[in-house]
1. Which residues, counting only those in the stretch 263-298, are within 16 Å of Arg334 (Cα to Cα) and either open to solvent by 60 Å² or more (accessible area, probe 1.4 Å) or aromatic (Phe, Trp, Tyr) (or both)?
2. Return a yes/no flag: does the stretch 9-19 have any residue that is of a type in the set (A, V, I, L, M) and either modelled with pLDDT of 90 or more or part of a loop (DSSP other than H, G, I, E, B) (or both).
3. Within the stretch 218-271, count every residue that is farther than 23 Å from Val327 by Cα and of a type in the set (D, E, K, R).
4. Tell me which of these Lys279 doesn't satisfy, since it passes every other one: (1) at pLDDT 90 or above; (2) more than 30 Å from the chain's Cα centre (by Cα); (3) not hydroxyl-bearing (Ser, Thr, Tyr).
5. Please enumerate the residues belonging to the stretch 221-234 that are more than 22 Å from Asp316 (Cβ to Cβ) and at pLDDT 90 or above.
6. Surrounded by fewer than 19 Cβ atoms within 10 Å (Cβ to Cβ) and closer than 24 Å to Ser42 by Cβ: is that true of Gln132 in this structure?
7. Test each condition in (1) in contact with a helix residue (DSSP H, G or I) (Cβ under 8 Å, 6 or more places away or on another chain); (2) outside any helix (DSSP H, G or I); (3) open to solvent by less than 20 Å² (accessible area, probe 1.4 Å); (4) of a type outside the set (A, V, I, L, M) for Thr179 and report the one that comes out false.
8. Having 1 or more residues that are on the phi > 0 side of the Ramachandran plot is the bar; report the strands (runs of 3 or more DSSP E) wholly within the stretch 267-328 that clear it.
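The values are calculated or read from the model by the stated rules, or taken from the named source; none is laboratory data. Everything numeric here is computed off the predicted structure, so don't read it as measured data. Neighbour counts are summed over all protein chains in view; Cβ atoms, including those assigned to glycine, are modelled from backbone coordinates with ideal geometry. Ligands, DNA and RNA are stripped out before the accessible areas are found, and what is left, the full protein with its side chains, is counted by its heavy atoms. Shrake-Rupley method; radii C 1.70, N 1.55, O 1.52, S 1.80 Å.
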Amino acid sequence: MIDQFDHYITKNIRSFYERKLVFPIVVLVLLLVLSLFYPVKSMIFPSLVPGNVKSASATEERYDLGYLYNHKQKYVYVTLEDLYFTGYRKEWLGSTDGYYYYTLLDDDCLIVLLEPESCQQGISTIDQITIQAEILKNAATEDRLLDHLAEDLSWSKNGITENFSSYMLSEPDCNDTITNLLRWFIVLSVIGCVGAILLYLLFILVPTLSPPVLKLNGYGKRPRKILEEAEEELATLPQLATEDMFITEHYFIETSSFGVAIVPIQEIIWIYKYSTLHKLLWHHFSISYTLHITAKHRRYIRCPKNIKSDIDGIMDYLAEANHDILVGFSEENRQKVEELQGDTAILRKIWAFLSKRV
């Protein structure tokens, strides 16, 4: 037995999914760093403010807007009472984005921007409303609004500023398209990354549950049994070996950075190579070759970025080991493979069904 190839396939399956772990972990770390500078948690899980927004006493939990804003809790669920329409609205690209209301907040007045649906297109008073909103500080729109209100009430700018909070609540800013897209992007990214990490860890701990092994279903033996046989043949005496492709008595094996594959030689029906020219602008660097293998049960394996001599040796050996294998890409071989796999039969059935329906 060659020690170098002892449990070689299983080790490469583990190594492959260990490398794939890097990306979701990096994404989670980046999201964590983002949360240090942006209220990501508050965006996904808005702070629930019970009752009307009030400044907390020394013995109560803090719920005033300044405290929430400064502690990266800019997004809130809040219940407000006795709101009065200012007579002004916010427009964007010719459409009404929201209506400005004011309500009492302790000794200050609070400006609240409500979506048109929430305030029935600007009704004069609202007794009570619960909204999801973003806390804004010293917003430019609020400053302009206070200028207009000062003129309407014949107040000075300093006088009205002293009576209105420097914070405001905006429902449209909390639910606009960009915020919602960012919110869903973060949620789906976290779910996807956590799911990928758990799945890759499972494949590392139990390689027999990984896709390269499970794809062996349908070859007449249990996938675990095929893996054991391939491991034993590779460890005992490989018939042909390149850097990441191997042929044993009964199996073709690939263990590259692009994936791991095990294919019984007797199940292969078509092989061909495809060349790729690598260049930058007008400068040609090199040519790499990809081995394409089609096996029964619609199994397709790609072995990219190999050298020509390695692929030619693999193709020659496979063609000698199984004389039924079609070698080389041609329209004739493509049609034969379609017939062998029953692809055209499915299309004929669909066409016959549609013709009958018509």
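1. Initial filter on the stretch 263-298 (within 16 Å of Arg334 (Cα to Cα)): 268-274, 291-298.
Those that are within 16 Å of Arg334 (Cα to Cα) and either open to solvent by 60 Å² or more (accessible area, probe 1.4 Å) or aromatic (Phe, Trp, Tyr) (or both): Trp270, Tyr272, Lys273, Tyr274, Lys296, His297, Arg298.
2. Residues of the stretch 9-19 of a type in the set (A, V, I, L, M): 9, 13.
The next check asks that each one be either modelled with pLDDT of 90 or more or part of a loop (DSSP other than H, G, I, E, B) (or both); those that pass are 9, 13.
Checked the stretch 9-19: at least one residue is of a type in the set (A, V, I, L, M) and either modelled with pLDDT of 90 or more or part of a loop (DSSP other than H, G, I, E, B) (or both).
3. 9
4. (1)
5. Arg222, Pro223, Arg224, Lys225, Ile226, Leu227, Glu228, Glu229, Glu231, Glu232
6. So Gln132 passes the test.
7. The one condition Thr179 does not meet is (2).
8. Correct list: 299-306.
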